[in-house]
Each structure stands twice: as structure tokens, then as C-alpha cells.
1. Please state which one of Leu120, Leu125 is in contact (Cβ under 8 Å) with a residue 12 or more places away in the chain, over 16 Å from the mean Cα position of the chain (by Cα) and under 25 Å from Ala25 (Cβ atoms).
2. For the subset of the stretch 51-64 comprising residues that are surrounded by fewer than 15 Cβ atoms within 10 Å (Cβ to Cβ) and within 18 Å of Leu13 (Cβ to Cβ), which member is farthest from the chain's Cα centre (by Cα)?
3. State whether the residues of the stretch 4-17 include one that is in a loop (DSSP other than H, G, I, E, B), touching a Ser or Thr at 6+ places or on another chain (Cβ under 8 Å), within 21 Å of Ser128 (Cα to Cα) and of a type in the set (A, V, I, L, M, F, W, C).
4. So which residues in the stretch 65-80 are surrounded by fewer than 14 Cβ atoms within 10 Å (Cβ to Cβ) and modelled with pLDDT of 95 or more, if there are any at all?
5. Scan the stretch 112-128 and tell me whether some residue there is in contact with a His (Cβ under 8 Å, 6 or more places away or on another chain), surrounded by 15 or more Cβ atoms within 10 Å (Cβ to Cβ) and of a type in the set (Ser, Thr, Tyr).
6. If the requirement is being out of contact with any Leu (no Cβ under 8 Å at 6 or more places or on another chain), within 29 Å of Arg2 (Cα to Cα) and not hydroxyl-bearing (Ser, Thr, Tyr), which of these qualifies: Ala55, Ala87?
7. Which of the numbered conditions does Ile65 fail, given that it passes all the others? Conditions: (1) assigned to a helix (DSSP H, G or I); (2) over 19 Å from Met27 (Cα atoms).
8. Out of Phe43, Phe22, I need the residue that is surrounded by 15 or more Cβ atoms within 10 Å (Cβ to Cβ), farther than 17 Å from Leu105 by Cα and in contact with a Gly (Cβ under 7 Å, 6 or more places away or on another chain). Which one?
Amino acid sequence: MRIRFILGILILLLACALQFWFASAGMFVNFILAALIVFAFFFDVWELVAFILAAVFIVNWQPGISPDIIVFALIPVAAFVFHKAFALAPWVAMPASIVAGFAVLYLALAPASFVPRIGLFGNDLLGSLVFAALVFGTLERLGRA
């Protein structure tokens with residue numbers, strides 16, 4: 001197994017722990033989705049699919065697939081396609097993908113409450129961007145080493 005994949009597993013577990021810990025404190029920051037979007041820039045499609053399936057199982061361990069989970073799973077795939085289709089610098093494309101992905105998630109899940117709860121979206125986005133920058137920097141350094 002490659003060290004990068006093992007590091008990806010550890011990052012995903014950290015994202016899950018942080019997301020559940022923050023949620024228990026009454027703050028929602030989607031660390032898992034942010035990590036998956038960053039993974040779209042560093043892993044191949046099959047590794048990304050493995051991470052997405054693991055995250056979906058952790059987030060929704062009940063049988064059955066809801067439309068929310070489908071949207072959640074398709075956002076990192078869209079970021080992967082975006083990264084492969086356009087030759088943008090990853091440090092530009094990654095934050096743009098996170099902003100677009102989170103906007104799609106919020107608009108797809110609760111379009112009527114998006115504008116009244118824009119503050120929640122802003123907090124989620126800010127926390128996720130900070131976490132994503134840390135994950136991005138870690139994976140980028142590993143790629144250079």
C-alpha cells in the first residue's frame with residue numbers, strides 16, 4: 001500500500017472525528033466533504049471512489065441511499081472531473097471546487113433555507129476551507145518528498 005493512501009485514510013478518519021466532535025458542540029463544519037474534494041486533486045479515480053464509499057458508509061451507515069448522500073458522493077467526483085478537464089493550478093481550483101461543491105450541497109438539500117441561513121453556510125465554508133488548506137498542504141508536501 002502506498003504511504004499516500006494510508007495518509008488519506010488517516011486524514012479521512014481525522015475529518016470524521018472532527019466533524020462529529022464539532023457537531024456534538026452544536027457547530028456544523030463538513031470536514032469530510034472538504035477532505036474528499038481535496039482528495040480529488042491527489043488521488044486517482046479508484047482511490048477517490050474508495051474514499052467516497054468509506055465516507056458515505058460512515059456518514060450514512062443505515063441501509064438505503066438517500067438523495068442527500070448521492071449529492072454528497074457526486075461532489076468529489078465532479079471536483080475530480082473539473083481538475084482533469086481544466087488545467088488550473090490546484091491551489092486555485094481546490095478552493096473554487098470547495099466553494100462550488102458546498103453551494104451545490106446546500107442548494108440541493110435545502111434551497112429555501114439557503115439565504116436565511118447564509119451565516120451557517122459561511123461558517124461551514126470557512127472552517128472547511130481552513131481544513132482543506134491544511135490537508136492540501138500536507139498532501140502536496142508528501143508529493144514533493
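1. Leu120
2. Checked the stretch 51-64; the qualifying residue farthest from the chain's Cα centre (by Cα) is Trp61.
3. no
4. none
5. Looking for residues that are in contact with a His (Cβ under 8 Å, 6 or more places away or on another chain), surrounded by 15 or more Cβ atoms within 10 Å (Cβ to Cβ) and of a type in the set (Ser, Thr, Tyr), one finds none in the stretch 112-128, hence no.
6. Being out of contact with any Leu (no Cβ under 8 Å at 6 or more places or on another chain), within 29 Å of Arg2 (Cα to Cα) and not hydroxyl-bearing (Ser, Thr, Tyr) holds for just one of Ala55, Ala87, which is Ala87.
7. Every listed condition holds for Ile65 apart from (1).
8. The conditions single out Phe43.
The values are calculated or read from the model by the stated rules, or taken from the named source; none is laboratory data. The shown structure was predicted, so the numbers you read here are calculated from the model rather than taken from an experiment. Note that we place each Cβ from the backbone using ideal geometry, even for glycine, and neighbour counts take in every protein chain shown.
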